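Step one of this worksheet: look at the structure below.
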Amino acid sequence: METSAQNTADISHLVTQYKAVPGGLLPLLHAIQAELGYVPDTTVPAIATGLNLSRAEVHGVISFYHDFKTHPVGQHTVQICRSEACQSMGSRQLEAHAKALLGIDYHETTEDGAITLEPVYCLGNCACSPSVRINNDIYARVDAERFDDLMADIKAPVGEPK
Amino acid sequence: MSIYIPQDTTALALGAEAVARVLQAAGVEPVRNGSRGLFWLEPLLEVDTEDGRIGFGPVTNKDIPGILDALETDASSHHLYLGQVEKIEYLASQQRLTYARAGLGDPVCLDNYQALNGFVGLSNALQMDGQQIVDQVKDSGLRGRGGAAFPAGIKWQTVLDCDSEQKYIVCNADEGDSGTFADRLVMEADPYQLIEGMTVAGLAVGANQGYIYLRSEYPVAHKLLNIAIERAVEANFLGDNIQGSGKTFHLEVRLGAGAYICGEETSLLDSLEGKRGMVRAKPPLPAIEGLFGKPTVVNNVLTLAAISTILEQGAEAYQNFGMGRSRGTLAIQLAGNIKRGGLIELAFGVTLREVVEDYGQGTHSGRPIRAIQVGGPLGAFLPESQWDTPMDYEAFAAIKAMIGHGGIVVFDDSADMAAQARFAMEFCVVESCGKCTPCRIGSVRGVEVIDRIVANENRDDNLILLHELCDTMELGSLCAMGGMTPFPVRSALTHFQEDFFVQDAAGPLLEEATGVSPGGK
C-alpha cells in the first residue's frame, strides 16, 4: 500500500486551508487522513511548520487519538464495539470469532490488505447490540453468522450490491 | 399517502436503506424521517392514512411488497401492523419535550421544524436581553444533562458576568458512554433544536461563536448536522444579523478523533484547541477561562436542546416536570440485553424496575436480569435489591450510583461480573488521558490485581489492595475517569462477589487463554 507518492505526499494545500483555523490541527489531521488513508510521519514537519508548532507537539496529538493512523491501513476498516452494552449481548464472543475468521488481532491488517480490525468503544447503537462499523456504515445485532456475511460482502467484486 | 422510513443510525444498521430502495423500486418515494427512538421496532415504517399515522415494524426489504398490498386492502391484516404509532404504549406513556418532534418528519427540513414550533424559543429570546434569558434558564431548574447535573443557569450567569470581547458556546456531543444514544437521537432526528438552543445560549451570554464537538463514531449525525447548519445559515437563523436582530452567532461542527476522555469538558476544550485531550485542573472554571482562554459555556446536547423548550414554553412549564431538585424530563436510554430497547423520555422519579420491566419487558435473551449498569462505564452495577430506586440525581447518589447521562445497560444471568469489573479497569487503561498517576497507573494495576483475585493468588491480601487502590483512584484523580472507575469495580465486588471466586487456583485465566470471558455465555 505504501507508495513513494505517499512518502513524499504533498499536503501543502491542506496546510494552507487549515493554518488560520482556530484549533485547526485536528481538522487538518482528519483531512490528511481522508486524503492519504493515514498520517505519514513524513508529513509531520510540514504540519509543524505550517501551524507554527513543534514536531513533538504534532506527534503528541497524532499519538493521543485512536483515530489517527501513522501507517497504511487496509482498504476497509472493521470496528467491533467492545463496550458494555455490546458485551451484554455477546460481543466478546463476536470479537473472538472475528479474530479467528480474519486471522488477525486488533490493530492488524489481513495479509491481502483488505481489512484492518479495530476495537471501538461505543457506536451509540446500544439498544440493538452487538454493533460493528465497516468504514462509515454501522450494523446492528451482529452475531457470528452475520459477521461472516458482512465479510463476504466486502470481498465481493465491485458492483455487487452490499 | 406519505410513507416514512428513518435515516437514523440504528434504523440504517438494521436495514432501513434496503427498505427504502425497495420502496423506490415500487414507485414510492419515502420520507426519510428521524427515529422515534423505539429502537426495538426499527426499521419502523410509517404511513399517513385516513386512520392516522400507522406503523409496521420491524420491517425488512422482503416485507415491503406484502405491506404495500395490505395498504391497498386491509392494513391491519399484516402481521407487522402496529396500529397508530402514537398510541403504542411505549411511546404514548412518555412525557416528550426534547423528543416531541423526533421521528415526525425529515430532520433537516426547516419548514417541518418551523411547523412544529421550531425557532419559537429563539424568536422569544430575541425579544429579551441576556439577563432575562439567563433568568428563564435558572427558573426552569435545568441541570446539566451530561452527567454532572450542574445547574445550567448558574453556569450561564458566570459567563454572562465575565467582561470579555470574545466568549464561546461549546456543545459537548462526545457521547461516549456505553448504553447512551440520546444525544445522537437529537442530532439525527431534530438537529435544529440543538442549533436553536445554542443560538439562544449565545444571545444569553454574549457569545458569537459556537462549536459542536462531535465524536467521530457518529457519521450519520455528522452529515445531518452539517446539512442543518448550512440550511439554518441560508435561512438566517444563524450567522450575522439573525432575523434582522443585529445579533450574530456562528456555529461549526468539530469532529473528535476517538478519545472517550474528550467527553470531559476541559479535555474537550484542549481537543478543540487542537491539542492532546488532556484534562485541565480546575479552577479556573471553563466558564471563566475556557476555550482559547475565553469565558465559555460548555453544555451537553440535551441541556442545550432543552433550552429551546424552555424558551418556547416558559420556565414554569418545564419546572413542573420532575421531583425534588431534579426538574424537567430525563432522557432514559434503555440498552444492552433488553427486549425492547429505546429512548424513554419521562419526568424524573420513575424507578429503574419500571423502566426495565414495564418498558423493556425483560432481557432480549429471555433469561433473568442479573445486573443493571446505569450512567455509562463509570456507573455502578446495581443488583435487584436496588432496582426500586427512583431515577433522580440525589436518590442515585445516595446509593453510590449515578444517573449520569441516563444510559441503562441490562445484563442477564450469564454475565460474569468479575470480567466486567476487570473491563472497567481495562477501559480506563485505554482511555485515560495520562495526566494524573492514580488514573494512568492505577488502572493498569487494577487489571492486574483483579486477575490475581480471580486466580486466587493471595486473594485476601489482594482484595484489601484492590480496595486501597480504589480509594486512591477515587480520592486522587483529577477527573471522573479515574475518580469513578472504582464505582463499577466496587459494586461488582460488593454485590456479585461470587463471580470473583469461581476460578480454580491452579487453572489459567480462561480469558487469557482464549479471549473468551470466564463464566461463559
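What follows is calculated from the coordinates using simple rules that are stated; it is not laboratory data. Just so we're clear, the structure is a prediction, and the values are computed from it rather than from any experiment. Using ideal geometry, Cβ is built from the backbone for each residue, glycine included, and neighbour counts are taken over all protein chains shown.
Among B:L268, B:L285, A:L29, B:L346, a tally of other beta-carbon atoms within 10 Å of each Cβ gives an order, fewest to most, of B:L285, B:L346, A:L29, B:L268. Per residue of peptide A:76-87, the mean number of Cβ atoms on other chains within 10 Å of the residue Cβ is 6. The Cα trace of the range B:3-90 gives Rg and Dmax of 11.6, 33 Å, the first to one decimal, the second as a whole number.
What percent of all Cα-Cα pairs in the range B:49-117 falls into each 5 Å bin, going from 0 up to the bin containing the maximum distance? That works out to 3, 14, 21, 19, 20, 14, 9, 1, in percent per bin.
Orientation-averaged projection of the range A:76-155 equals 4.4 nm² [convex hull of Cα atoms, one quarter of hull surface area]. How big is D for the range A:4-64, in µm² s⁻¹ as a whole number, if Stokes-Einstein is applied with the Kirkwood radius of its Cα pairs at 4 °C and 1.567 mPa s? Once the numbers are plugged in, D ends up at 114 µm²/s.
Computed over Cα pairs, the Kirkwood radius of the range B:110-319 leads via Stokes-Einstein (1.306 mPa s, 10 °C) to a diffusion coefficient of 95 µm² per second.
Shielding value for A:59-67 is 6, the average number of Cβ atoms from other chains within 10 Å of each residue's Cβ. In this structure, the residue pairs whose Cα-Cα separation is over 31 Å, taken from B:K167/B:K435; B:K155/B:K400; B:K294/B:K400; A:K99/B:K435; B:K138/B:K275, are B:K294/B:K400; A:K99/B:K435; B:K138/B:K275. Applying the Kirkwood pairwise sum to the alpha-carbon positions of the range B:199-248 produces a hydrodynamic radius of 12.0 angstrom. Looking at the range B:152-291 alone, DSSP beta bridges between its own residues are antiparallel in about 10 percent of cases. Bridge orientation summary for the range A:76-155: considering DSSP beta bridges with both residues in this region, about 55 percent are antiparallel. From most to least packed by mean Cβ count within 10 Å, the peptides B:58-71, B:475-488 give B:475-488, B:58-71. Computed over the protein assembly as shown, the per-residue total of -39500 (n - 2.57) for DSSP H runs of n ≥ 4 gives a 222 nm mean residue ellipticity of -11500 deg cm²/dmol, rounded to 500. Along its three principal directions, the equivalent ellipsoid of the range B:417-514 from the Cα gyration tensor extends over semi-axes of 23, 13, 11 Å, largest first.
Every Cα-Cα pair of chain B was included, and the share exceeding 29 Å stands at 54 percent. Among A:101-108, B:211-218, the peptide with the highest mean count of other Cβ atoms within 10 Å heads the list, and the full ranking is B:211-218, A:101-108. Each label point was placed 7 Å from the Cα along the Cα-to-Cβ direction; for B:K339 and B:E89 their separation is 1.0 nm. Coordinate range of the alpha-carbon atoms in the range B:316-384 per principal axis, descending: 43, 23, 18 Å.
Taking the DSSP bridge list for chain A and keeping only pairs wholly inside it, about 55 percent are antiparallel. Taking chain A, the Cys residues with no second Cys beta-carbon under 4.7 angstrom are A:C122, A:C126, A:C128.
Taking every Cα-Cα distance in chain A and sorting them into 10 Å bins from zero, the calculated P(r) comes out as 10, 34, 29, 21, 7, 0 percent.
Taking only the alpha carbons of the protein assembly as shown, we obtain Rg and Dmax values of 24.6, 76 Å in that order.
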